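Visitor: My structure is below; once you've seen it, I'll send some questions.
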Amino acid sequence: MSTLYIVATPIGNLQDVSLRALEVLKSVDLVAAEDTRVAQKLLTAHGISSRMISYHQHNADEKDPQLLELLQQGQSIAYVSDAGTPLLSDPGHSLVRICYQHDIPVTAIPGASAAMAAFSINPFNASRFSFEGFLPPKSAARCERLRQLQGETRAIILYESKHRLLELVSDMITVLGEEREIMLARELSKLHEQVFYASLAELEVALNDDRITLKGEFVLILKGDDGSCHQDERQRQADILFQQLKTCMSQRDAVDLAQTLFKLPRNTLKMMAAKHYQVS
Ligand code: SAM
């Protein structure tokens with residue numbers, strides 16, 4: 001029976017796959033895989049020898065009509081991404097959409113996802129979340145998105161690569177402040193699995209002193225805004241403080257005081273104070 005199966009696969013541990021997923025992968029006419037070498041490891045580990053083709057974001061335009069034709073001929077196809085649940089920061093959207101447009105049944109075969117695995121162990125007592133996946137790679141756009149998320153009260157789930165993790169944490173400190181709580185989950189379900197729960201400032205220190213190795217894959221869960229003062233508001237208040245103190249307290253003491261009161265990054269406060277003290 002012609003069906004497109006969207007099959008979740010493990011995010012590291014090859015045993016994290018459902019019996020139903022294995023059954024489907026075994027019985028379909030074709031497995032479309034984001035990376036056939038990655039999928040082959042899973043299939044081989046479970047003794048499955050189904051026919052495979054590659055389907056990824058760079059060949060989707062070409063493959064969509066071909067796969068649609070096979071489905072319309074009555075074949076069944078399973079799509080698997082490299083890891084976890086397809087379409088979750090992964091390709092597959094256009095294929096799913098095309099199937100809806102042509103009345104081809106689409107069936108989800110649920111299973112692992114890094115986002116859900118991390119959320120299932122979040123320390124925030126959070127029952128609601130917003131899934132953001134990857135934020136923009138460039139700092140200006142990333143900060144803009146973080147500003148839009150500043151007042152989000154739900155927990156925020158983020159993916160990030162090891163190459164940009166430090167930059168992301170630094171931008172989060174700039175926009176959200178050092179105190180915001182965060183959970184980092186590294187290499188979930190794998191040998192070097194690590195979970196770290198702290199403030200953004202503590203996370204930055206732990207990344208810099210190698211308590212958290214910058215290797216492997218990372219999910220971050222940011223605590224939602226709990227109403228404590230936003231970074232923007234605290235900066236506004238620090239600005240007023242410098243304005244008031246510039247004639248009666250040294251710049252250094254004023255920065256110390258502002259840091260104690262507003263818990264803002266020292267460099268940010270120094271730059272703000274300098275503006276007031278230069279003109280006085
Ligand atoms: N579709 C996948 C899912 O359901 O989780 C996500 C695919 S996305 C291209 C890959 C990102 O997921 C990685 O950069 C990382 O942020 C996260 N990720 C995947 N596997 C992970 C793991 N075992 N531990 C932590 N994060 C993981």
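Each value in this text was obtained by applying a stated rule to the coordinates, not by laboratory testing. Nothing here was measured: the structure is a model prediction, and the numbers come from that model. Here the Cβ is made from the backbone with ideal geometry for all residues, glycine too, and neighbour counts use every protein chain on show.
Visitor: Would you mind finding the one in LEU87, LEU67 that is more than 24 Å from the chain's Cα centre (by Cα) and not β-branched (Val, Ile, Thr)? So that I can check it myself, show each step before the final result.
Guide: On the way: LEU87 fails: more than 24 Å from the chain's Cα centre (by Cα).
Only one candidate qualifies: LEU67.
Visitor: Taking the range 127-144, which residues are surrounded by fewer than 16 Cβ atoms within 10 Å (Cβ to Cβ) and within 16 Å of the ligand (Cβ to nearest atom)?
Guide: Result: SER130, GLY133, PHE134, PRO136, PRO137.
For every residue, the table says whether it meets (1) touching a residue at least 24 places away in the same chain (Cβ under 8 Å); (2) within 16 Å of the ligand (Cβ to nearest atom); (3) more than 17 Å from VAL24 (Cβ to Cβ); (4) assigned to a helix (DSSP H, G or I).
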residue	(1), (2), (3), (4)
LEU43	no, no, no, yes
SER49	no, no, no, no
GLU62	no, no, yes, yes
TYR79	yes, yes, no, no
PRO91	yes, yes, yes, no
ALA108	yes, yes, no, no
ALA112	yes, yes, no, no
ASN122	yes, yes, yes, no
ASN125	no, no, yes, no
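Visitor: Here's another thing I want to ask about it. With respect to LEU87, determine if the residue is more than 13 Å from the ligand (Cβ to nearest atom) and either of a type outside the set (Ser, Thr, Tyr) or in contact with a helix residue (DSSP H, G or I) (Cβ under 8 Å, 6 or more places away or on another chain) (or both). Spell out the reasoning first.
Guide: Working: more than 13 Å from the ligand (Cβ to nearest atom): no; either of a type outside the set (Ser, Thr, Tyr) or in contact with a helix residue (DSSP H, G or I) (Cβ under 8 Å, 6 or more places away or on another chain) (or both): yes.
No: the conditions fail for LEU87.
Yes/no matrix, rows are residues, columns are (1) surrounded by fewer than 15 Cβ atoms within 10 Å (Cβ to Cβ); (2) of a type in the set (D, E, K, R):
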residue: ALA39; (1), (2): no, no
residue: SER54; (1), (2): yes, no
residue: PRO65; (1), (2): yes, no
residue: LEU68; (1), (2): no, no
residue: ALA78; (1), (2): no, no
residue: PRO86; (1), (2): no, no
residue: ASP90; (1), (2): no, yes
residue: CYS99; (1), (2): no, no
residue: ALA112; (1), (2): no, no
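Visitor: A follow-up question, please. Out of (1) more than 16 Å from the ligand (Cβ to nearest atom); (2) within 22 Å of the chain's Cα centre (by Cα), the odd one out for GLY227 is which?
Guide: Only one criterion in (1) more than 16 Å from the ligand (Cβ to nearest atom); (2) within 22 Å of the chain's Cα centre (by Cα) is unmet by GLY227, namely (2).
Visitor: Within the range 16-63, track down each residue that is of a type in the set (Val, Ile, Thr) and out of contact with any strand residue (DSSP E or B) (no Cβ under 9 Å at 6 or more places or on another chain). Don't jump to the end; show me each part of the working.
Guide: First, pick out the residues of the range 16-63 that are of a type in the set (Val, Ile, Thr): 17, 24, 28, 31, 36, 38, 44, 48, 53.
Answer for the range 16-63, where residues must be of a type in the set (Val, Ile, Thr) and out of contact with any strand residue (DSSP E or B) (no Cβ under 9 Å at 6 or more places or on another chain): just THR44.
Visitor: Can we say MET249 is closer than 30 Å to SER161 by Cβ, out of contact with any strand residue (DSSP E or B) (no Cβ under 7 Å at 6 or more places or on another chain) and either without any contact (Cβ under 8 Å) to a residue 12 or more places away in the chain or outside any loop (DSSP other than H, G, I, E, B) (or both)?
Guide: No: the conditions fail for MET249.
Visitor: Condition test on LEU95, is it within 10 Å of the ligand (Cβ to nearest atom) and at negative phi?
Guide: Details: within 10 Å of the ligand (Cβ to nearest atom): no; at negative phi: yes.
Against the criterion (within 10 Å of the ligand (Cβ to nearest atom) and at negative phi), LEU95 does not qualify.
Visitor: Filter the range 163-220 down to the residues that are among the polar types (S, T, N, Q) and in a helix (DSSP H, G or I) and list them by number. Before the answer, list the steps.
Guide: Step one: filter the range 163-220 for residues among the polar types (S, T, N, Q), giving 170, 174, 189, 194, 199, 208, 213.
Those that are among the polar types (S, T, N, Q) and in a helix (DSSP H, G or I): SER170, THR174, ASN208.
Visitor: When you scan the range 163-175, do you find a residue that is surrounded by fewer than 15 Cβ atoms within 10 Å (Cβ to Cβ), within 10 Å of the ligand (Cβ to nearest atom) and among the hydrophobic types (A, V, I, L, M, F, W, C), even just one?
Guide: No: zero hits.
Visitor: Would you tally the residues in the range 133-146 being more than 11 Å from LEU168 (Cβ to Cβ) and either β-branched (Val, Ile, Thr) or not in a helix (DSSP H, G or I) (or both)?
Guide: 2
Visitor: Every residue in the range 187-227 that is under 20 Å from GLU132 (Cβ atoms) and among the charged types (D, E, K, R), please.
Guide: GLU204, GLU217, LYS223, ASP225, ASP226
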